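Here the structure is laid out as structure tokens; the discussion comes afterwards.
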Amino acid sequence: MPTLQYCTFYLDRLLFGVELKGVQEVIRSLEMTRVPLAPTVVSGLINLRGQIVTAVDLRRRLELEARPPDALPMNVVVRSEDGAVSFLVDEIGDVVEVEESTFEPAPEMLCAGVRGMILGVHKLQVRLMHVLDTEKACQMMEPAEVAVARNKLGA
Amino acid sequence: MSDSDIVKDFLVESYENLDRLDRDLVGLEKNPKDKEALAGVFRTIHTIKGTCGFLGFSKLEKVAHVGENLLAHLREGQLTLNPAITTALLGMVDAVRQMLKEIESTGQDGEVDYPELRETLTHLLSPEAAASNTAAGKLEAALQAAAPPMSLGAILMQQAGVTPEEILLAVKKQREGDPRLMGDILVEQHAVRPADVADALQIQRTSRGQAAASDSTIRVDVGLLDKLMTLVGELVLAHNQLLQISNSVEDAGLQAVSQRMNLIATELQEEVMKTRMQPIGNIWGQFPRTVRDVALGCGKQVNIEMEGKETELDKTIIEAIKDPLTHLVRNSVDHGIELPEDRVKAGKDPTGRLILRAFHEGGRVNIEISDDGAGLNVERLRQKAVERGVTSVEQAARLTERETFNLIFLPGFSTAQKITNVSGRGVGMDVVKTNVEKIGGTVDVQSTAGRGTTVRVKIPLTLAIIPALVVTCDGDRYAIPQVSLLELVRLEADQVRTGIEMVHGVPVHRLRGRLLPLVYLSRELRLREGSGQSGKSDKAVNIVVLQADDRQFGLVVDTINDTEEIVVKPLRKQLKTVKTFAGSSVMGDGKVALILDVLGLAQRAGVVTETRDRAFAEKGTEALDKAPQKQTFLLFAGPGDARMAIPLDALARLEEFPVEQVEMSGSQWVTQYRGQILPLIRLNVVMEKRRHKLQGLQGAPAPGSGPLQVLVLNQDGHAVGLVVERILDIVEDRADVKSAATRPSVLYSVLIGDRVTELLDIPAILKSAATVPGPQRDSAMHAARGAH
């Protein structure tokens, strides 16, 4: 039975996992530069050894409650199509190895904004691990004006 | 290291040599008497030939040999370079290049030894020269005089009869770690006498003097540079951690070391970054050859000129724009520049000019390819657009000149009268556009009929190192590209009250008698929500005077730090939509700072107003000297208080009708006007696309509401009333800054009086009004016709 390895982390007490092979590294809280006027899910930019990485607040992205202001987030740096992106998470969990058979798609009732991002869950012994689609989570909603302009151009 | 490494070095070196040959030969054709250049060409060929022999590529050596023979004659003055010889020599360069490719992939120099080419090259020698055998002797003499410093092995092969195998064996030993010199190894192998080695060393020493320049550079693998870059990054991170510890320990010694390390690490990072930069001249080098070949192929005469060769770009970008630029250059020669006869007829020099220009501007690298050819034919482009079904006839007629030019970037759009071998290669302008856009650049074309065409490629700063002014605003640093910077103005606390005045809520400063609009960075970036207004502050004010397009404005910041050379990194797609920033950069202390996009900021602040519509309204390209005529517009407020305009010519009269005078004809409003029935078109009705939303707009106007403001239009001899909210003004403006319309019944958005205004499409409104439920347009028109 083929197994998959996931890097897990917690968001608002929920367990999430991203495929280990897509994870570049996990680091503690880094100093961040805020980006005015940016989409709210973008927390800022961090300097990862000379490489500038966008930090995405996964709590906001997944429409969860905001992180308490005194809690320092951890960075899960993943490789996306467009280079490295850092996910801000509450806490890092273990690397878990799961079999495909424990997977089940997410229930339909998931709210629309989140449905595409959560591929499903793996039923671990004690809890459920949400499987996150890294690419989807990295994609930002375009401001309406951009979308309109693009439609107009037929692009 | 192994044999294959030796071959690899040979290949890299030879490719470079061949590129130089291309350049030199084309240069020589212009100036055949240039001895210096001729010697250079000869040396290059000779080096290639020599190394081939050494490595055992006999076919390659054979081809190079005939070329060298021909060059020897040229060098001796027995022959003069003419186009036929140049073409043959360039053919040889291509053949050699082909064979090198073969070696690269298979390790052998291929099956072909180009007998025809060799025939041609031999034939080009004058009969007596070809017959005489002196060429070979002269060649040796030339070798002595002009050969580049040779390896000891090569000299020993010539002088002491050492075999290539023996030398190869010795080289291999050295590369495997034998620390001894080549001479010593050979002596040990009994391949040569010590005295011969001493002689050879002497020869080598004399020849080495000529090559001092090449000793100052070395070849480094890009992968190695990338690795260095990562390591430097790691160093910076580790240092930052040390910094945190040293701050908490309060040890003066440790802090001093830590600070020093900070400086070193930063500098190291910058320098390593710079190693990736290359002058654009590196890819331009091949263009003289390209231009020559294309021009010759289509019977044209073209001179290529280059400006700004030294403009530096990151290696990856250089690679990415190489093909698009080549295509643009070929295109200019093939389609842009006319045949010599046509040029003479048009009163131009029979030789066309092709100018390549590269420069930094507005924080971007601009590359222009201009020709002085026939220019683009607007009519033909429009025709073609209609034929291709890209636009309708009406739309085509309405396209501005620039919009029309930009049609050439659509896929499959070619106006070339005939397909030549240059244009039929499947790389169209659309591919150029796609490739340039892939690296975040833009392409724009300008043209004047009969005067020429200019294609401008703008490439983002990505990875380029630029000088920037670093400022602080609300605790964060921002970098402003120096190119947009004009000057810095500081108003001391006591000058602020008088120095900043208000023009209807807009803060301005009198800078040498002219009003400079002020933009507060903290407010534009919404850093301090609802924070204090300008003028009232009792603190000193720092104003950064910036240039955005043709306008100047003052950016008010908290502190002006310093100018720095910064390495620009692009913003990822998550932030691409934020137009106020052009990129980001890592500052000396390891923190990230955002780079302001001055134009984007100016647009946001309303200093310059224009949607950056990438297809049609790319900025900064209105440099053509044909400024549109000023026009007079009637400005009015349309539905939802939108600012709208119509040309004054279209207006017959302005009228005001009390609502009581409005009558219904079906669901159409009409009124009696000068003894006739005037149909009233309600803008809010025609501009609302979806019919079902019209509920509530039907029926007669509510009694008691204010009088209707009506523009009486005189369109094609019919009078029609247009109901608007409010008449604003009559203004004169060029209205030359346009962007595409965002809704029906609007021609386009223009800047009138520096504000975005929608210019109404009157024919479209009349047409859609006729389909609004109510009386047919005919009857309305009929009624109106009576008025005349």
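Of the cross-linked pairs A:K123/B:K591; B:K384/B:K458; B:K539/B:K591; B:K345/B:K458; B:K322/B:K591, which ones have a Cα-Cα span greater than 31 Å in the structure shown? Exceeds cut-off: A:K123/B:K591; B:K345/B:K458; B:K322/B:K591.
Karplus-based coupling profile of region B:385-393, in residue order and whole Hz: 4, 5, 4, 7, x, 6, 9, 7, 4, with θ = phi - 60° in 6.51 cos²θ - 1.76 cosθ + 1.60 and x standing for Gly or Pro. Subtracting the Cα-Cα distance of B:R490 and B:T326 from their residue separation scaled by 0.36 nm leaves 54.3 nm. With neighbours defined as other Cβ atoms within 10 Å of a residue's Cβ, the residues B:W669, B:W284 order from fewest to most as B:W284, B:W669.
Note on A:K136: aspartates and glutamates with a C-alpha under 13 Å away, same-chain residues under 8 apart excluded, are A:E81, A:D82.
Electrostatic tally near B:G706: other residues with Cβ closer than 12 Å to its Cβ, Lys and Arg +1, Asp and Glu -1, net -2.
Per-residue 3J(HN,Hα) values for region B:479-488, derived from phi via the Karplus relation 6.51 cos²θ - 1.76 cosθ + 1.60 with θ = phi - 60°, read 9, 10, x, 4, 4, 8, 7, 9, 6, 10 Hz in sequence order (x marks Gly and Pro).
Summarising the label geometry, the points placed 7 Å from Cα in the beta-carbon direction at B:E250 and B:E13 lie 6.3 nm from one another.
In units of the rule-of-thumb radius 2.2 N^0.38 Å, region A:3-153 shows an alpha carbon radius of gyration of 1.07.
Taking neighbour counts of Cβ atoms within 10 Å as a proxy for exposure, in what order, fewest first, do B:T454, B:T400 appear? Let's see the in-between values first.
Details: B:T454 23, B:T400 15.
Result, fewest neighbours first: B:T400, B:T454.
Among B:K309, B:K35, sorting on how many other beta-carbon atoms sit within 10 Å of each Cβ, with the fewest leading, yields B:K35, B:K309. Annotation: amide H-H contacts under 5 Å for B:K579 (H modelled 1.01 Å from N, sequence separation of 5 or more, or interchain): none. In chain A, the longest principal axis of the Cα atoms and the axis of helix A:144-153 are about 70 degrees apart.
Which entries of A:K21/B:K573; B:K49/B:K300; A:K21/B:K274 show an alpha-carbon separation above 24 angstrom in the structure shown? Working shown, then result.
Values: A:K21/B:K573 22 Å; B:K49/B:K300 34 Å; A:K21/B:K274 32 Å.
Too far apart for the 24 Å limit: B:K49/B:K300; A:K21/B:K274.
Between B:M277 and A:R115, the distance separating the two model label sites (each 7 Å from Cα on the Cα→Cβ line) works out to 5.1 nm. Per residue, the convex hull around the alpha carbon atoms of region B:465-605 comes to 118 Å³. Measuring max minus min along each principal axis, the C-alpha atoms of region B:308-374 give extents of 43, 22, 17 Å (largest first). Put simply, the amide H of B:G450, placed in the peptide plane, has neighbours under 5 Å in B:G375, leaving out anything fewer than 5 places away on its chain.
Each listed q (0.19, 0.25, 0.29 Å⁻¹) maps to a log10 I(q)/I(0) for region B:222-275 from the Debye sum over equal C-alpha point scatterers, namely -0.63, -0.88, -1.05. Does region B:279-459 classify as rounded, prolate or oblate by the C-alpha gyration tensor (a ≥ b ≥ c root eigenvalues; a/c under 1.5 gives rounded; else a/b over b/c gives prolate, otherwise oblate)? Judged from the Cα gyration tensor, region B:279-459 comes out oblate (a/c at least 1.5, b/c at or above a/b). The label-point distance for B:K101 and B:Q301, in a model that sets each label 7 Å from Cα toward Cβ, rounds to 3.3 nm. Kirkwood radius and radius of gyration were both taken over the C-alpha atoms of region B:6-80, and their ratio Rg/Rh is 1.00. Here the extension length gained between B:D199 and B:E76 equals 41.4 nm, from 0.36 nm per residue of separation less the Cα-Cα distance.
Between amide H atoms placed 1.01 Å from N, distances below 5 Å from A:G93 occur with A:T8, A:F9, A:Y10, all of them 5 or more places distant or on a separate chain. Sequence-ordered 3J(HN,Hα) estimates for region B:638-653 from the Karplus curve with 6.51, -1.76 and 1.60 and θ = phi - 60° stand at x, x, x, 6, 5, 7, 9, 8, 10, x, 4, 4, 6, 8, 8, 8 Hz, glycine and proline given as x. Tell me the net charge near A:T33. Cut-off is 11 Å between Cβ atoms, A:T33 excluded, with +1 for each Lys or Arg and -1 for each Asp or Glu. Cβ neighbours under 11 Å give a net charge of +1. Between B:D558 and B:Q482, full extension at 0.36 nm per residue minus the direct alpha carbon distance yields a gain of 25.5 nm.
Every read-out reported here was derived from the displayed coordinates using simple, explicitly stated rules and does not represent laboratory data. For clarity, every value in this text was computed on a predicted model and none was experimentally measured. In this analysis, Cβ positions are derived from the backbone assuming ideal geometry, glycine residues included, and neighbour counts consider all displayed protein chains.
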